Amino acid sequence: MRYPILATALAFVEWHSAIAQENVLSFEDKAWQLQSRIAELHYSPKSLSNQTGKFVTDFMVRQLDPDGLYFTQNQVENLNDCYDKIDEQMIHRDLKFIAHAGKQYKSSIGKAIKILEKLAKSEFDFETPDSIYFPSPTDPVRYAKNASKLKSRWIKWIKYQVLRSYDNSLIVNKAQFTESAPELIADFCTKEIKVLSKIYEDSEQIRKTVEEVFLNGLAQYQDPHSTFYEADAKQGFLSSLAPQTYEYGIELIINENDEFEVSSILPGGPAWITNEIHTGDVLLQASSVNGQVDFSQTNKEGQNVLEFLKNNNAVKLTIQKPGGVVKQVLITKGIVRKTQNIIKHFVLEGERKIGYIALPAFYTNWKNFTRDGCANDVAKAIVKLKREKIEGLVLDLRSNGGGSVEEARDLAGIFIDVGVIAMERNNHGEVHSVKDANRGAIYNDPLIIMVNGSSASASEIVSGSLQNHNRALIVGQQTFGKSTGQMILPLDPKFNLNSLDLGVFRDEYGYVKLTATKYFRINSQTHQLTGVTPDISLQPIRANFNNFGEQSFSNPIANDTIDKTIAGLFKTPLPVETLRVKSEERLKLSTIARRATETNEQIRAYYNNPYLRIDFDGNLEQYGEIDAKWLELEKLESENKTSEYRCRNVEFDSELLDADSYDKRFRANSANKLEKDLELQETYHIMQDLINQLNEQ
């Protein structure tokens, strides 16, 4: 049986689950079952060894204490002393390490509570120059050497939290801050003590937490995209990928600083319409007529935060921009369309008519696997754009993190007559061709694909393939570099992947998301780690400083090649060098492009500095400088409306839009953004050059 692969997150099959009467697997049996699934089905499984224990121990410490506020270095070393026994304990189904880790974790929480109880009544010095160190996500956490150093770390952490929670519009008033500081400190400590006490008093929950983190570490030892899920977490994860109606249209993650960070904005949703909430923003607080909730407790009170958002139809969100600017945004729940309405398509009407299609994800119908996924929606949009007599097409895959490989195959097939899209290698080393399923192309005219550092997996399959076929010019930034596909499987021992009868299994055993395949370009290379290199480099006005790419992970799947290339009917190579030179000459003359580059480099220097000032004057100066730079970029964006083209809807949709105020507002907002998009403006010029060059041939 062929199982669908999702080339970014996972593949899943709609199995039937049931609660049987027999006993649940012991934790040791569950861990062994997880390792067995890995050994059987992972793309390149690593066997149990001392290295397994070392990775899992380090992973657990970082997951349980990501900010270095609980464990001391002695406790970390105590846990590391046990790592070489984990593989043997796994084999003998006797994981004593779990009880030991749970004891250490509980002890560290208890010490933190005592420190906070004392600090809640202490005076803090915000006058003397001071700073706090924040390692990058790729750096190891530095743990305090002893209890005294741990207390000093808590003092720095509290000063940082108090300063960042204090309204930026008032922080210039030093006297007012000095007066408010004791109350803010006591309030923060009280909240932390409440949360930590709840953890400390629930030994059963500590055991479950340690067990789940251990299982997740066991999976992630294989690669960063293999993960263990409890049943409820798996259901939530799958539902976030399926076509559905959103309410606020925001997806959140807990970042490396233990903050609620906006990971994505659903196009057309209430958050998207405000145009004030963006990916990378941190949520500080939410308030409504029913009260308020503080986001600072993130992973400890995450459920409370989500429940608050769920139970209120309108909230005022206090958000912090990447540069530190704090804003308040009023947002009301609304009906958000399903994924087939997410595709944006417009005519860029200027000297030439150019079609534009933006695809944010390679979605599909996960339950039925019918032909109504994103490839079909793009094909419909192309048919409407061709009626406008467009001379070229821009396919925007920026920030498209991937999705269904089948949809990626079908989408690439829209632009080539026949041929291989990519090659897939499984865990047995077998290489299979991913072929265009439908002979004939829907669109044969000039094509440009836009990508950036967040274009991943399926986006890279499509852009890399069409680049190799000489079918599309790729512009933008180096892509993410993920060339693997995952699938989710239940851990129930009764489940048999090779059986045509998937049958009934126990849902509460949990699930594992495993990397099962790797994808290669038709030239035998892979974009794993390296990404797809654009033919022409373009930079946005607002650079993304939070994108690290696949190479930032500690244990990614390696980059390699296969002994197979595809000999096909490729198109004549595009005049890449000529187009690149023309683009570079234009950008050198662009004042906005030059100012954006300079400002982004200054912001980058700020982000590369791991030390943040936590004295009042230093904090005000540091955040003031970065705020000014972000405001400068916002000003550049507002000034950058093009006169080269007008972004308009296709005539075919005019009557539908008159009857649908939601979609009309959605598209008007999108069109306004696209007319201010520096990368798209240059892409429009590149397309004109490309058409002229092809006409001369």
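Here are the numbers:
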{"item": "Length-normalised contact order for region 527-629 - Cα pairs under 8 Å, 6+ apart - percent", "result": "31 percent"}
{"item": "Simple label model, 7 Å out from Cα along Cβ direction - Ser263 to Ser180, nm", "result": "3.2 nm"}
{"item": "Solvent-accessible surface ranking, highest first, for Phe295, Phe134 at 1.4 angstrom", "result": "Phe134, Phe295"}
{"item": "Residues Ser661 and Glu123, FRET efficiency given R0 of 45 Å [Cβ-Cβ distance, rounded to 0.05]", "result": "0.20"}
{"item": "Relative contact order, percent, the chain [alpha-carbon distance under 8 Å, six or more residues apart]", "result": "17 percent"}
{"item": "For region 551-639, size of Cβ-based charge dipole, Lys and Arg +1, Asp and Glu -1, in debye", "result": "620 debye"}
{"item": "Protection proxy ranking of 378-391, 119-132 - average other beta-carbon atoms within 10 Å, highest first", "result": "378-391, 119-132"}
{"item": "Pairwise Cα inverse-distance average, inverted: Kirkwood Rh of region 347-463 (Å)", "result": "14.9 Å"}
{"item": "Label-to-label distance, nm, for residues given as Asn313 and Tyr133 (7 Å Cα→Cβ offset)", "result": "5.2 nm"}
{"item": "Most to least packed among 520-533, 449-462, 28-41 [average Cβ atoms within 10 Å]", "result": "449-462, 520-533, 28-41"}
{"item": "Evaluated over region 557-654, the Cα radius of gyration and Dmax, each in Å", "result": "22.6, 66"}
{"item": "Using θ = phi - 60° and Karplus 6.51 cos²θ - 1.76 cosθ + 1.60, couplings along region 465-481 (whole Hz; Gly, Pro as x)", "result": "5, 5, 5, 5, 7, 6, 8, 9, 8, 9, 10, x, 10, 3, 7, 4, x"}
{"item": "Reduced Cα scattering model of region 99-230, Debye log10 I(q)/I(0), q = 0.10, 0.11, 0.12, 0.13 Å⁻¹", "result": "-0.46, -0.55, -0.64, -0.74"}
{"item": "Region 72-171, relative contact order [Cα under 8 Å, separation at least 6], %", "result": "41 percent"}
{"item": "Simple Cβ-charge dipole of region 576-689, Lys/Arg +1 and Asp/Glu -1, about Cα centre, in debye nearest 20", "result": "200 debye"}
{"item": "Charge-dipole axis of the chain as Lys and Arg at +1 and Asp and Glu at -1 on Cβ define it, positive-most pick from Ile193, Thr209, Val650", "result": "Val650"}
{"item": "Extension reserve of the Glu601-Asn559 stretch, reckoned as 0.36 nm per residue once the Cα distance is removed", "result": "12.1 nm"}
{"item": "Share antiparallel - DSSP beta bridges, the chain, percent rounded to 5", "result": "75 percent"}
{"item": "Length added when fully stretched, Lys353-Asp627, from 0.36 nm per residue minus Cα-Cα", "result": "94.8 nm"}
{"item": "Links that overshoot a 22 Å alpha carbon limit, given the list Lys54/Lys198; Lys149/Lys208; Lys208/Lys482; Lys482/Lys564", "result": "Lys54/Lys198; Lys149/Lys208; Lys208/Lys482"}
{"item": "Burial ranking of peptide ranges 408-416, 94-102 (average Cβ count within 10 Å, highest at the top)", "result": "408-416, 94-102"}
{"item": "Using a Förster distance of 41 Å, the FRET efficiency for Glu276-Cys82 (Cβ separation, nearest 0.05)", "result": "0.25"}
{"item": "FRET efficiency, Ile254 to Arg387 (Cβ-Cβ, R0 41 Å, nearest 0.05)", "result": "0.30"}
{"item": "Radius, Kirkwood style, for the chain when every pair of distinct Cα atoms is counted (Å)", "result": "27.4 Å"}
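The values are calculated or read from the model by the stated rules, or taken from the named source; none is laboratory data. Bear in mind the structure is a predicted one, so any value in this text is a computation, not a measurement. Please note: Cβ atoms are built from the backbone with ideal geometry, for glycine as well, and neighbour counts cover all protein chains shown. Protein only, heavy atoms only, side chains kept; ligands, DNA and RNA dropped before computing areas. Shrake-Rupley method; radii C 1.70, N 1.55, O 1.52, S 1.80 Å.
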